[in-house]
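Structure record follows, encoded as structure tokens.
All of the numbers you see were taken from the coordinates with simple rules; none came from a lab. Computed from a predicted model, the values in this text were never measured in an experiment. Please note: Cβ atoms are built from the backbone with ideal geometry, for glycine as well, and neighbour counts cover all protein chains shown.
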Amino acid sequence: MLVKLNSKTADHVFTATATDLPINQETLSGGPSAVVAVFGHLNRVAALQQHLPAGWTMRQAPDLADLRADELVLLSGATVDQVAAARSVLPTRTLVVAVVDEQAPGDLVAGVLTAGADVCVRGGQPAILAGHLIAGRRRQRAGHWARLDRQRPR
């Protein structure tokens with residue numbers, strides 16, 4: 001079958017036939033971008049920037065009031081109280097990633113997840129942490145497009 005498909009020699013011009021598709025604004029700006037707002041110990045995650053996709057930025061958030069809904073929130077050295085406080089001021093769609101000590105007890109991990117963190121990472125190894133942030137952003141974007149589809153009038 002593949003041989004038959006590859007043996008066709010006719011030239012075809014391929015064009016988009018759908019005209020009602022939503023435009024992905026991220027592709028117009030040269031690729032996806034995101035802001036990772038770090039609250040807590042910045043030195044624990046200093047090497048993270050090297051593992052994030054091109055166009056992503058990191059910034060230090062001085063307090064919880066400085067966090068924005070469209071950012072990925074990274075709580076470095078997270079406690080249950082910090083996660084609960086962040087969740088109380090942020091919309092539910094905001095991704096909250098908690099970084100705890102490598103030797104953190106299971107009670108702390110369970111506590112930050114129960115308090116509202118989407119992800120809890122022990123130790124904060126930059127490549128693993130970046131993978132969680134990228135996957136979380138992908139889930140956010142998928143949810144965004146799904147909400148647009150549900151809002152479209154039929």
ask   = With each label point set 7 Å from Cα along the Cα-Cβ vector, what nm distance links His51 and Asp81?
value = 2.9 nm
key: Volume of the Cα convex hull of segment 32-151, divided per residue and given in Å³   = 98 Å³
task = Run the quick spin-label model on Thr114 and Ala127: label points 7 Å from Cα toward the beta carbon, then report their separation in nm to one decimal.
result = 3.4 nm
key: Proxy reagent accessibility, fewest Cβ within 10 Å first, across Val36, Val112   = Val36, Val112
query = When the convex hull of the Cα atoms of segment 52-99 is projected onto a plane and the area is averaged over all directions, what value comes out in nm²?
reply = 3.5 nm²
remark   = In nm, the gap between the two label points placed 7 Å beyond Cα toward Cβ at Asp70 and Leu42 is 2.2 nm
